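What follows is a single structure, written as structure tokens, with notes after it.
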Amino acid sequence: MDQTDFELDVVIPVFNEEDVLPELRKRLTAALDKASTRWRAILVDDGSDDRSREMIQQWGQEDSRIILVELSRNFGHQSAITAGISFASGQAVAVLDADLQDPPELLDEMMAAWRKGAEIVVARRRTRAETGWRRLAFGFFHLFLERFGSLPSSANTGVFGLMDRRVAQHFQRLSERHRFFPGLRDWLGFHRQEVLYDREERAAGTPKQSLRRLISYALDSIFSFSYQPLRMMTCLGLVIALAGFLLAGYFITKRLLGIEIADTGFTTLVTLILVLGGFNLIGLGLVGEYVGRIYDEVKNRPFFIVRATHGFASDEGSVSI
Ligand code: UDP
Ligand code: MG
């Protein structure tokens, strides 16, 4: 196939997914071949240390529509996606997790919406099949996002979706390092359409995002999009200061009227010192979250380093941002 002659680029981040790759290959190929679109898949190997890379390379040798972008180490889900999109050049660019929690069969419906004029198509989860603490944590996170997020539409959506080529080009211009893909996609605007789906448990293997990564991802969804935490601290400070002034006024009046002020209150003092000390530290931590992000931006390091690409006509691909 002529490599410039395709319509859809599917970007798939892969980190230690040897258990799921054979199944992915089967379902992705079947779904896209049925979808009557000329497609290409860009699999980004995010520094896997299992056999994922060799498996994708093998797949690419047997199917010229498969491209492998190899990162120099593990940069994380969001960076892997950004890397993949920077190599995409189809009329539409889809993003999909490798673990089959995002069913490739839905791409057909997404392409149909795109053909009808949607510039961004987002898959929204009707239900989700995760269990245990992950289910609880994800549920809480999306509830929180819906209530307090400044981007109302990113709740219950993930990276799974499709963008028009022009949208993807604008996405590449977003140069921030702490990336929360669903939020950035919302921020871009454009005509958007949703398709609903039931999110399955991953097809095989264990989740590859550590709890720490997930927490920092959740924090990015707040701190990269809103000053709300700082404003809340300011409000809290104002309320506490106001209470202080009122109390001072009360004591002064009492003293002026000659009413004796009881000399006790050790418990109250200790409690107040601890509570206010705690608030101070929380405030400092919040400011720190922003300062740390500024520091990361100022260092201006690239989001990812590409060691090699396999499968492009010239084997160099586009430049990274
Ligand atoms: N992934 C990645 N780099 C990482 C962690 C994960 O590219 O450091 C990929 C992983 O292979 C999968 C997708 O990102 O295709 C989502 O990961 P996972 O299913 O573990 O996350 P969750 O479903 O819990 O969000
Ligand atoms: Mg998953």
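What to note about this one:
- Scanning the chain for trypsin sites (Lys or Arg not before Pro) in DSSP loops with at most 11 neighbouring Cβ atoms within 10 Å leaves 117-321 as the longest stretch between them.
- Of the residues Ser52, Val121, Ala92, the one whose Cα sits farthest towards the positive end of the charge dipole of region 48-166 is Val121 (charges of +1 on Lys and Arg Cβ, -1 on Asp and Glu Cβ, taken about the Cα centre).
- With both residues required to sit in the chain, DSSP beta bridges show an antiparallel share near 35%.
- Rounded to the nearest 20 debye, the dipole magnitude of region 1-133 is 520 debye, with +1 charges on Lys and Arg beta carbons, -1 on Asp and Glu beta carbons, and the Cα centre as origin.
- Candidates per GluC sites (Glu not before Pro) in region 132-235, loop by DSSP, up to 15 other Cβ within 10 Å: Glu176, Glu200, Glu201
- Ratio of Rg to Rh over the chain (Cα coordinates, Kirkwood Rh, two decimals): 1.13
- Region 273-285 - phi-based ³J(HN,Hα) in whole Hz, Karplus 6.51/-1.76/1.60, Gly and Pro as x: 4, 5, 5, 5, x, x, 4, 4, 5, 4, x, 5, x
- Against the chain, whose longest principal axis comes from its Cα atoms, helix 21-34 is set at around 70 degrees.
- Each Lys and Arg Cβ is given +1 and each Asp and Glu Cβ -1; about its Cα centre, the chain then shows a dipole of about 1060 debye.
- Of the chymotrypsin sites (Phe, Trp or Tyr not before Pro) in region 188-242, the ones in a loop by DSSP (not H, G, I, E or B) with at most 13 other beta carbons within 10 Å are Tyr227.
- In region 194-321, a dipole from Cβ-located charges (positive for Lys and Arg, negative for Asp and Glu) runs towards its positive end, and of Phe245, Ile261, Ala203 it is Ile261 whose Cα lies farthest in that direction.
Every read-out reported here was derived from the displayed coordinates using simple, explicitly stated rules and does not represent laboratory data. Quick caveat: nothing in here was measured; it's all calculated off a predicted structure. All Cβ positions, glycine included, derive from the backbone under ideal geometry; neighbour counts span all protein chains shown.
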